[in-house]
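Asker: Below you will find the structure I want to go over with you.
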Amino acid sequence: MSPLTAPLAAPDAPVTGTFLDVGTTLLVLDLLGIVVFAASGGLVGVRKELDLFGVLVLAGVTGLGGGLLRDVLIGVVPPAALVDWRYLLAPAVAGVAVFAFHPTFGRMEKVITVLDAAGLALFCVAGALKAMDYGVGPLPAALMGMTTAVGGGMMRDVLAGRVPVVFRGELYATPALGGAAVAVVGTSGWLPFDPPVVVVSILAALVALVWRLLAVWRNWQAPLPKGPASV
């Protein structure tokens, strides 16, 4: 059993040597990421002219999809979203807010882009930390962090009839993987000192956030095939 597993099962039990226990850190990162991603998913639903139910579905899928996928892959069943009412309430509230005040959200395009990047950063860190906490190796844990960050958005885009953003050349998954990697290195015991989990989380999230925002600002693109397709 991982030394950090107990706080996940009992969030109120602090971890020795940290000034914010792992369970609380994961919960805060998860809920913040869910709200931010759910708002972006709800906005896609509004722009697709879906009804309230459709908006809530896209909000829920975007906010919870990546975490559900991560939990199933690392063997956490039932997933946290199905055993903690806060995980279901957060995307519902965000979806209703976007549905009711979508003109305001629609005028906040740049803010939504920043919030989406923030959600990416929060989820990649939360996903990596939880995977490490459940005994997953460093490299798979980093991949789980990336999956947590991009999984919900991929499901949202498929349901909305769009090519997922991670396949369109934008640097989206790469910043998530970078942030997850920092979280893994900071909590794996490889460093000569033992930094608090909350400090590692903040630094890792900043790496993903800044990388993603720079990619949007500078229009950085992943390599694309050159010339016409042969099929």
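The values are calculated or read from the model by the stated rules, or taken from the named source; none is laboratory data. Please read these numbers as outputs of a predicted model, since none were measured by experiment. With ideal geometry, Cβ positions are generated from the backbone for all residues, glycine too; neighbour counts draw on all protein chains shown. Remember, those area values only see protein heavy atoms, side chains included, never the ligands or the DNA or RNA. Shrake-Rupley method; radii C 1.70, N 1.55, O 1.52, S 1.80 Å.
Asker: Rounded, prolate or oblate for the stretch 155-197? Axes are the square roots of the Cα gyration tensor eigenvalues, ordered a ≥ b ≥ c, and the cut-off for rounded is a/c under 1.5.
Answerer: Numbers: a/c = 6.09, a/b = 3.26, b/c = 1.87.
Since a/c reaches 1.5 and a/b is larger than b/c, the shape of the stretch 155-197 is classed as prolate.
Asker: Extending each Cα 7 Å along its Cβ direction at H102 and V216, get the distance between those two points in nm, one decimal.
Answerer: Distance between label points: 2.0 nm.
Asker: Using a ≥ b ≥ c from the Cα gyration tensor of the stretch 76-178 (square roots of the eigenvalues), is it rounded, prolate or oblate, where a/c under 1.5 gives rounded and otherwise the larger of a/b and b/c decides, a/b for prolate? Please list the in-between numbers first.
Answerer: Values: a/c = 2.05, a/b = 1.33, b/c = 1.54.
Verdict is oblate for the stretch 76-178.
Asker: Using amide H atoms built 1.01 Å from N in the peptide plane, name the residues 5+ places from E170, or on other chains, whose amide H lies under 5 Å from its own.
Answerer: HN-HN under 5 Å from E170: A222.
Asker: Using a 1.4 angstrom probe with every protein chain in place, what is the largest-first accessible-area order of E49, E109? Could you put the intermediate results ahead of the total?
Answerer: Numbers: E49 160, E109 85 Å².
Ranked from most to least accessible, the order is E49, E109.
Asker: OK, next. Starting from the Cα of D194, step 7 Å along the direction of its Cβ; do the same at L206; then give the gap between the two resulting points in nm.
Answerer: Calculated label separation equals 2.4 nm.
Asker: Using only helices, what value at 222 nm comes out for the chain when you add -39,500 (n - 2.57) per DSSP H run of length 4 or more and divide by the total residues, to the nearest 500 deg cm²/dmol?
Answerer: Numbers: 9 runs with 158 residues, N = 231.
Here the helix-only value at 222 nm equals -23000 deg cm²/dmol.
Asker: Another question about this same structure. Any chance you could run the full-extension gain for R162 through L88? It's 0.36 nm times the residue separation minus the Cα-Cα distance, nm to one decimal.
Answerer: Numbers: separation 74, 0.36 × 74 = 26.64 nm, distance 2.49 nm.
So the extension gain works out to 24.1 nm.
Asker: Run the 1.4 Å probe and let me know the accessible area of F167, rounded to the nearest 10 Å².
Answerer: Ignoring ligands and nucleic acids, F167 comes out at about 130 Å².
Asker: Given a Förster distance of 30 angstrom, what is the FRET efficiency for V77 paired with E109, based on the Cβ-Cβ distance and rounded to 0.05?
Answerer: Working: r = 38 Å, r/R0 = 1.27.
Step by step, r from the Cβ atoms, then E = 0.20.
Asker: Express in Å², to the nearest 10, the accessible area of M155 obtained by rolling a 1.4 Å probe over the protein heavy atoms while all chains stay in place.
Answerer: Accessible surface of M155 is approximately 80 Å².
Asker: Please report how far the C-alpha centroid of the stretch 185-231 lies from that of the stretch 96-157, rounded to the nearest whole angstrom.
Answerer: Comparing the Cα centres of the stretch 185-231 and the stretch 96-157, I get a distance of 13 Å.
Asker: Next up: Any chance you could look up the accessible area of W220 with a 1.4 Å probe, heavy atoms only, rounded to 10 Å²?
Answerer: 100 Å²
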